[in-house]
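Note sheet for the following structure.
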Amino acid sequence: MTSFGQHYVVPAVGRYQERYPDVHIELTPARSARRGFRRVAHVRDLAVGSGLVSQRLSSACASLRYLERRGVLKTPADLANHSCLQMVTPVFPPDRWMFDGPNGEETVVLGAATFQVNVAEAMAVGVSSGMGIGLIPIYSAISRLRSGELVWLLPEYTF
């Protein structure tokens, strides 16, 4: 996702250019047809792409206000009784969430979404405002998790 580039690659590029001021970097958050993945940054012969990341870097989150109204979930199956906000991107399938946890892999098929968005920061705002539970890339959720605005759900599961 291009947000990853904005949150992590751009600051890293800045630090790199402080050390190597003669290096020119082109940041291109667009799909590369030739390589078949979303290119986040290109430095001469080096490309950093989100399609190369093999581990999901997301967290299931909710606001305290939402959890007080609807209750806390303990397993992925409990999501059937909650409003699940859906991020629609190539990384997040629109109709299911896949978990890996203590019982192995589990897939939860989601019902009709009350809210869909394709931008991680918009998802973080929706979840923070109490609209429901959402899978949010950690780079978009971290400041809200640290401040207590969001609660990390199902920490024993990876997504």
Hits in the range 109-123 - residues which are within 21 Å of S63 (Cα to Cα) and without any contact (Cβ under 8 Å) to a residue 60 or more places away in the chain
L110, G111, A112, A113, T114, F115, Q116, V117, N118, A122, M123
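Can I133 be described as modelled with pLDDT of 95 or more, touching a strand residue (DSSP E or B) at 6+ places or on another chain (Cβ under 7 Å) and hydrophobic (A, V, I, L, M, F, W, C)?
yes
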Hey, E105 surrounded by fewer than 18 Cβ atoms within 10 Å (Cβ to Cβ) and at pLDDT below 90 or not:
no
The range 72-93 residues that are among the hydrophobic types (A, V, I, L, M, F, W, C) and modelled with pLDDT under 85, paired with ones that are crowded, with 18+ Cβ neighbours inside 10 Å and not in a helix (DSSP H, G or I) (beta carbon under 7 Å, 6 or more apart):
V91/M1; F92/L135
The strands (runs of 3 or more DSSP E) lying entirely within the range 94-139 that contain at least 1 residues which are touching an Asp or Glu at 6+ places or on another chain (Cβ under 7 Å) are 96-101, 104-109
Given the options R38, R34, name the one that is over 14 Å from the mean Cα position of the chain (by Cα), in a loop (DSSP other than H, G, I, E, B), modelled with pLDDT under 90 and farther than 22 Å from W152 by Cα.
R34
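The values are calculated or read from the model by the stated rules, or taken from the named source; none is laboratory data. The model shown is predicted, which means the values in this text are computed figures rather than measured ones. Every residue, glycine among them, receives a Cβ derived from its backbone with ideal geometry; neighbour counts consider all protein chains shown.
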